[in-house]
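Notes follow once the structure below has been shown.
Rule-based calculations on the coordinates, nothing more; no lab input. This one's a predicted model, so the numbers in the text were calculated from it and none came from an experiment. Positions of Cβ are generated from backbone atoms using ideal geometry, with glycine treated the same way; all protein chains shown enter the neighbour counts.
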Amino acid sequence: MVNLAYFAKKIMGLVFTIFLVLSFNFYLFRILPGNPFTLLFRGAGLSSQAMHDLNVQFGLDKPIWYQYVVYLRNTVVGNLGISYQTRAPVSSLVAFALVNTLILLSVASVISFFVGIFIGIVAAWKRGSKVDVSASATMLVLYSMPTFWLGIILLFAGVIYLHLPVSGMTTILGQTGALPQFIDLLRHMVLPLLTLVLGLTGQYVLVMKSALLDVFTEDYMITARAKGISNRKLLWDHGFRNAILPMMTLVSLNLGISIGGAIQTETIFSWPGMGLLIYRSILARDYPVMQGAFLVVTIAVILANFVTDMLYPLLDPRVNSQ
Amino acid sequence: MITSVLEELARLNLGERIGMNKIILILAILVLCVTSAMTQLSPTRAQTPVTFTIGWSGSTLDTLNPAAFTDADGGSKLVSTLVYDSLVHVDMNGSVTPDLATSWTYKNPTTIDFNLVHNATWHDGQPFTANDVVFTINLLLTHKEISYLHTFVTTIASVQAPDNYTVELQTSKPDATLHDYRLVNIPIFPQHVWTTVGNYTSFANDNPIGTGPFKFVKWGGPGTYAEYVANDNYFYGRPHIDQLVFQYFTSANAMALALESGQIDYAGPTFPNALVSTLTSQADVQVISRLGPEYYYFDFNGYAQGFGNPALRNKAVRIALSHAIDNQELAQVVWGGFAVPQTTIIPVALGSWVNPNIKQYDFNLTEAAALLDAAGYKLGSDGVRVGPDGTRLVMKMEVPSNYAEEYRAVQEISGWWKQIGVIATAQITDIGTLSQESFNWKFDTYIWVWSSTSGTDPDLFVSVFQSNQAAPAPNPGFSDSGYQNPTYDQLYTQQLQETDPAKRQAIIYQMQDIIHQDAVYYPVYDPYLVQAIRSDRFTGAPPGNLPPAFQGTFHSLVTSIRPIATQTQTSQTTMSTTGTAMSTETVAAIAAVVIAALVVVGVVVTRRKSPKKGQ
């Protein structure tokens, strides 16, 4: 079918993009001054001989093009190498962190998406009213609050008044049994989730509101009203379903990027996710972990965009996918 | 909330929109189930085990295998001392104490006999014998890829086990650092487990077997938490606590909160001084504030083959500039008084190794200016001093990014120097970049730290001034001053082999004097490590000079700590739920609100959409 060829071309484009990004990342990390072992040498008193030995052991003494070829070859077969810091396989480190981040961020994304749409619709429909003004203002304030500060405030309030756990994902030496463990996870999620949702909802509200307002000025809206269609039908059938399109783009962008982990939130709540992994690996110049993590983020962003690309014709028949 | 959902359900015409309604019904039932379940369930734990939870905001546990350690694995090394023992330990004052070795005698300056404990067993029940010690030391001697641990055996020539509980060690030269630097840092591995390991550095060691006071249970992966349980058969007696948990925090604020709310019992390695007042204000928290075996120093790049400002190679200039730094003021400004000003290059925490006769250069800008004049660096027309060879006293003053609080210090110092005509640009430099600069001798001055995570032997602190440590890239040594003095080098070798402590001390004192006279560094301060414990729950942290939760002393802490009996029960319930059933209900309420809100939104959305079928 003709569709298949188009699909195949798209996939090839994806693979090529991923390859480009990987190559660029490889180069970028290597131009950071200080390799991981000079860092250990001066920063932590590793002997110069040990440093040289480690350099050889990890192949850092080979020419850059050789390291690059080895890296590409390994990545293609799924061997992401081992961490310089912990000697653990990168793939397991990244998998562990990814799952933790997904747990937090997927829930946060879903909640903030729906809440954002709802408030955005209300704000657009009742534009100018007290509801709109207060909602929009609150959302703007929350959106512009520094995540770190918001997180700490919530942490204090949550721990002192609600006796919620301070950090991590689970209570250590905690409960046995699936349901108590699930509830324990939920209790640990409440505060980071709240921090993320309060930050993310703002964007969705503002975009939804402005997209709807744009749609309201269209001619077909006036026509529909002239036809006598009720307010609700107008809003949902004609308004919302057209305004949802820019929202989908926003969602796909956010989903992809958020795989990189909400670093600030993860730091405050010691949530062992991708953001924390990337941050620690950068500090230690742990190239394999950095490369592995960025590979995952790259694939996530590209996939998210790809999925949106494919979904768009379904949402908007005007877009011709041929 | 529940009623509104049910109202919405009632208003729906079930006949027409079966699909959506089913979903909403199921959701509503789920909400009700979960809510009721949560209010009934109150997570509990067995009331009896005593758990000591340590919060840690420093270096984390990254690997369970000591053979894979690098110098940056301080966190992993710290907890490995729970599981693995060494021949000797250090106590809270840095003195060597017996561990697996109960006593030792010198047959001659290079041969030492160690008598081992007779009743130690490995965590898997096998008996501990001298063969394990011999195996471990030979392993480290022959496997240089075990790079970190190998550095501790470099003076050991050979080792034998004349019988099951005696070990004889030969060193290549008399070694003053054998006990408190080398042996104290060598974990003894079980031969019966490690002989079958192929690649020592990539061995995961998921179930570490040692002789130590605690057995490893599990961990959550790098940087999360680790659980340990007491070793009932520990040869010096079972610890007074049943379980030990290490919980890692990436935020000191969160850790302070955790201590306050009772989710942890002990917190380390140190709190920033901003948090100290909140801690001291709490009645049930006791702050343990002790000096760490480390010090901050101001370094002059005086390496003749380096690329720093050439004026810094001139001793007179360094002395003059030393008169223009006030470390007492800096200790106040940067550390709020939580640091002790240094006079010499041995940290104050090392006690009697510090030469008490050395006085720091007094802060006197007039004298500094006069000394610079005398050295030939006169004030130019632009207010900057110029030397006879045209060298201007313009330079960089850096701090590494992981010690960013020292930026305040360099700002102060550059302010003082400006007043005497020396322009120094203060900046924070990324640690990787600064390491590289230091490696290549491309810097002028910086503040950095010498810290001993391998014990309280002074050798590390005096070793960095040897001539052979000052070499150009790509093989520089540990020197970052470029100091070269053959007399000092001779004294260094002497102290390394002087096993009589009194004589060794005299040599170390003399070496400090030389460094001071030549103003190689300006030693700044030794900061306090501020740790804290829930004193209403636990007691027994040993007194002493060194911080309880630190390399070497940690072992003493965990074997001495014990619960305050009356508090045991309450502490358990507090920690298991961090609250009462009330809190679970609150969470249930929040969850119910969220889910119900979703349900309502979902219902509203679908209701709006449906009329299109009719149109």
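Quick look at the values:
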read-out: Net charge of neighbours whose Cβ lies under 13 Å from the Cβ of B:Lys107, counting Lys and Arg as +1 and Asp and Glu as -1; value: -2
read-out: Proxy reagent accessibility, fewest Cβ within 10 Å first, across B:Asp489, A:Asp316, A:Asp219, B:Asp299; value: A:Asp219, A:Asp316, B:Asp489, B:Asp299
read-out: Mean Cβ count within 10 Å, highest first, over the residues of peptides A:29-40, B:152-163, B:547-558; value: B:547-558, A:29-40, B:152-163
read-out: Most positive-pole-ward Cα, B:Phe189, B:Val153, B:Gln170, against dipole of the range B:111-199 from beta carbon charges; value: B:Val153
read-out: Set A:Lys62/B:Lys144; B:Lys315/B:Lys503; A:Lys62/B:Lys218 screened for pairs whose C-alpha atoms are more than 32 Å apart; value: A:Lys62/B:Lys218
read-out: Cα-based helix-to-principal-axis angle, A:241-258 vs chain A, degrees rounded to 10; value: 10
read-out: Footprinting exposure proxy for B:Ser281, A:Ser281, B:Ser479, A:Ser106 (fewest neighbouring C-beta atoms within 10 Å first); value: B:Ser281, A:Ser106, B:Ser479, A:Ser281
read-out: Residues with amide H under 5 Å from that of B:Phe189, placed H, sequence gap 5 or more; value: B:Thr136
read-out: Within the protein assembly as shown, helix-based [θ] at 222 nm, where runs of 4 or more DSSP H residues each add -39,500 (n - 2.57), nearest 500; value: -15500 deg cm²/dmol
read-out: Relative contact order %, the range B:240-366, counting alpha carbon pairs below 8 Å whose residues are six or more apart; value: 19
read-out: Radius 14 Å from Cβ of B:Ile264, net charge of other residues (Lys, Arg +1; Asp, Glu -1); value: -3
read-out: Rg ratio (alpha-carbon, reference 2.2 N^0.38 Å) - the protein assembly as shown; value: 1.09
read-out: Amide H within-cut-off set for B:Thr539, under 5 Å, with H built and near neighbours excluded; value: B:Arg562, B:Ile564
read-out: Charge dipole magnitude, Cβ of K and R +1, D and E -1 - the range B:96-198, Cα centre, debye nearest 20; value: 240
read-out: Cα-based helix-to-principal-axis angle, A:130-144 vs chain A, degrees rounded to 10; value: 10
read-out: Charge tally in the Cβ shell below 13 Å around B:Ala161, where Lys, Arg are +1 and Asp, Glu are -1, B:Ala161 excluded; value: -4
read-out: Ranking of B:Tyr521, B:Tyr297 by count of other Cβ atoms within 10 Å, fewest first; value: B:Tyr297, B:Tyr521
read-out: DSSP beta bridge pairing in the protein assembly as shown, given as percent antiparallel to the nearest 5; value: 75
read-out: Spatial separation of Cα centroids for the range B:440-460 and the range A:81-110, in angstrom; value: 34
read-out: Listed peptides A:90-103, B:104-117 by packing density, highest first (mean Cβ within 10 Å); value: A:90-103, B:104-117
